[in-house]
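Peer 1: Could you have a look at this structure, given as structure tokens, before my questions?
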Amino acid sequence: MADDRSTSASINVAFGTVAAGRMLIAHAVDGVFGNAEVRATGDLSLHPFAHCLHYGSTCFEGLKAHRDSDGVVRIFRIDRHVARMRRTADLVQLPVPPAELLEEMILAAVEQNLAEVPDAPGALYLRPMLLGTDPNIGAAASPSTSALLAVVASPVGDYFAGGVRPLTLLVETEVPRTTPQFGEAKAGANYLMALGITRRARAEHGCDQVLFAPGGQVQETGAANFLLFDEDRVVTRALDSTFLHGVTRDSVLTLARDRGMRVEERDISVEELLAWSGEAALAGTAAVLSGVGTLVRDGVRHTVGDGSVGPVTLALREGLTAIQRGEAEDVHGWTRPVGL
């Protein structure tokens with residue numbers, strides 16, 4: 001890339017706190033989306049009666065673009081993220097953006113902010129979001145037929161402070177992460193429901209995240225999917241409507257199969273979890289693949305493996321990031337160069 005790349009896009013700040021300079025905006029009226037426009041990243045205008053402000057008609061996505069050593073920027077698995085956002089929009093009763101429009105806006109957000117894509121290990125995090133905008137505070141039982149679709153971007157580094165390190169999780173068996181019928185929706189309310197218990201886990205036990213296991217069956221954390229590894233296997237909960245169908249999860253399972261590992265998608269009890277002698281990790285766009293070193297259950301701390309980020313986790317993480325950065329062959333066609 002050109003030598004005039006922005007130096008303001010520092011990745012040594014909290015994840016998601018630096019805004020890239022340009023964003024994309026499109027509006028839907030009576031369920032039909034108009035053309036997108038490029039704007040300087042800034043405030044959005046909403047009527048105080050807007051449906052999203054009162055009835056939670058919002059959803060979003062999260063994906064990344066990565067710069068390789070030659071300066072080429074590649075966006076990772078855009079098709080899967082577009083499909084998931086359209087699924088979420090339908091679940092939360094919002095106008096569903098056409099796949100072509102959403103993809104074009106995401107690609108344009110990268111192109112408009114190419115100079116702000118950090119070098120590895122940083123990335124440009126992309127946040128498409130959809131807000132119901134009908135100005136009607138009497139519409140609790142009616143969906144919003146107008147909507148604001150925006151794609152914003154942020155140059156980021158590691159999601160968890162301290163970089164690649166073993167995480168500590170609180171195991172919660174009483175409270176679910178979210179309402180089961182909307183668990184697969186990437187909607188803000190799902191994350192809000194996990195916020196209070198996660199704050200308490202940090203304050204009381206020094207935990208990074210909460211692993212939700214309602215009824216004693218392992219599900220996911222508040223911000224990522226959960227996986228168990230040993231030398232031969234990956235074990236993770238089978239997909240259902242109660243939790244997010246992660247793109248990173250799917251990518252890691254595919255890479256594990258490529259390595260000859262057996263993938264078991266099934267129920268995992270808390271008892272099996274605490275007796276597991278291998279590795280554990282969180283998978284997500286922000287988290288990438290982050291190893292778990294400690295589980296806290298009923299105030300008792302249980303060490304996972306030897307308490308460090310294990311070799312299988314590290315190998316799969318490196319395999320994933322090598323594809324994202326163009327350092328390994330992309331045999332699955334997951335990446336797309338932008339701005340060439």
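Peer 1: Given the residues Leu167, Leu130, which is the only one that is aliphatic (A, V, I, L, M), out of contact with any helix residue (DSSP H, G or I) (no Cβ under 9 Å at 6 or more places or on another chain) and either more than 30 Å from Ala28 (Cα to Cα) or open to solvent by less than 20 Å² (accessible area, probe 1.4 Å) (or both)?
Peer 2: Exactly one residue qualifies, and that residue is Leu167.
Peer 1: Shifting gears a bit: If you take the residues in the range 147-163 that are in a loop (DSSP other than H, G, I, E, B) and touching a Pro at 6+ places or on another chain (Cβ under 9 Å), which one is most open to solvent (accessible area, probe 1.4 Å)?
Peer 2: Restricting to residues being in a loop (DSSP other than H, G, I, E, B) and touching a Pro at 6+ places or on another chain (Cβ under 9 Å), the top hit is Asp158.
Peer 1: Residue check, Gly305 against (1) on the phi > 0 side of the Ramachandran plot; (2) in contact with a helix residue (DSSP H, G or I) (Cβ under 7 Å, 6 or more places away or on another chain); (3) of a type in the set (Gly, Ala, Ser), all met but one. Which one?
Peer 2: (2)
Peer 1: Can you name the residue in the range 31-59 that is out of contact with any helix residue (DSSP H, G or I) (no Cβ under 8 Å at 6 or more places or on another chain) and small (Gly, Ala, Ser) and is also most open to solvent (accessible area, probe 1.4 Å) among such residues?
Peer 2: Top of the filtered list is Ser45.
Peer 1: Here are some residues: Glu220, Glu184. Which one is modelled with pLDDT under 95 and under 17 Å from the mean Cα position of the chain (by Cα)?
Peer 2: Glu184
Peer 1: OK, next. Just to be sure, is Asp43 in a helix (DSSP H, G or I) and at pLDDT 95 or above?
Peer 2: No.
Peer 1: Oh, and also: Residue check: is Ser144 among the polar types (S, T, N, Q), at negative phi and in a loop (DSSP other than H, G, I, E, B)?
Peer 2: Against the criterion (among the polar types (S, T, N, Q), at negative phi and in a loop (DSSP other than H, G, I, E, B)), Ser144 qualifies.
Peer 1: Can Ala256 be described as open to solvent by less than 10 Å² (accessible area, probe 1.4 Å), more than 23 Å from Gly183 (Cα to Cα) and of a type outside the set (D, E, K, R)?
Peer 2: So Ala256 passes the test.
Peer 1: Can you give me the number of residues within the range 162-213 that are of a type in the set (Phe, Trp, Tyr) and touching a residue at least 60 places away in the same chain (Cβ under 8 Å)?
Peer 2: Going through the range 162-213 one residue at a time, the tally reaches 1.
Peer 1: Within the range 93-127, how many residues are out of contact with any Lys or Arg (no Cβ under 9 Å at 6 or more places or on another chain), open to solvent by 30 Å² or more (accessible area, probe 1.4 Å) and not charged (D, E, K, R)?
Peer 2: 1
Peer 1: Still on this structure: Is it the case that the range 8-21 has a residue that's open to solvent by 40 Å² or more (accessible area, probe 1.4 Å), modelled with pLDDT of 90 or more and under 20 Å from Asp134 (Cβ atoms)?
Peer 2: No, there is no match, as no residue in the range 8-21 is open to solvent by 40 Å² or more (accessible area, probe 1.4 Å), modelled with pLDDT of 90 or more and under 20 Å from Asp134 (Cβ atoms).
Peer 1: Turning to a different aspect of this structure: If you take the residues of the range 274-298 that are in contact (Cβ under 8 Å) with a residue 60 or more places away in the chain and either out of contact with any strand residue (DSSP E or B) (no Cβ under 7 Å at 6 or more places or on another chain) or in a loop (DSSP other than H, G, I, E, B) (or both), which of them is farthest from Phe76 (Cα to Cα)?
Peer 2: Step by step, filter the range 274-298, then rank; the result is Ala287.
Peer 1: Here's a follow-up. Quick one: what pairs do we get from the range 109-122, first residue free of Cβ contacts under 8 Å to residues at least 40 places away in the same chain, second open to solvent by 30 Å² or more (accessible area, probe 1.4 Å) and assigned to a loop (DSSP other than H, G, I, E, B), C-beta under 9 Å, 6+ apart or different chains?
Peer 2: none
Peer 1: What do you reckon, is Arg177 open to solvent by less than 30 Å² (accessible area, probe 1.4 Å) and closer than 22 Å to Thr88 by Cα?
Peer 2: Yes, satisfied.
Peer 1: Please go through the range 189-228 and give me each residue that is in contact with a helix residue (DSSP H, G or I) (Cβ under 6 Å, 6 or more places away or on another chain) and closer than 20 Å to Gly299 by Cα, ordered by number.
Peer 2: Selection gives Cys207, Val210, Ala213, Gly216, Val218, Gly222.
Peer 1: Tally up the residues in the range 197-250 that are of a type in the set (Lys, Arg) and touching a Pro at 6+ places or on another chain (Cβ under 8 Å), please.
Peer 2: Final tally of qualifying residues: 0.
Peer 1: In this structure, does Arg233 turn out to be open to solvent by 10 Å² or more (accessible area, probe 1.4 Å) and either touching an Asp or Glu at 6+ places or on another chain (Cβ under 9 Å) or polar (S, T, N, Q) (or both)?
Peer 2: yes
The values are calculated or read from the model by the stated rules, or taken from the named source; none is laboratory data. Predicted, not measured: the structure shown is a model, and the values here were computed from it. All Cβ positions, glycine included, derive from the backbone under ideal geometry; neighbour counts span all protein chains shown. Heads up: the accessible areas ignore ligands, DNA and RNA and are worked out on the full protein's heavy atoms, side chains in. Shrake-Rupley method; radii C 1.70, N 1.55, O 1.52, S 1.80 Å.
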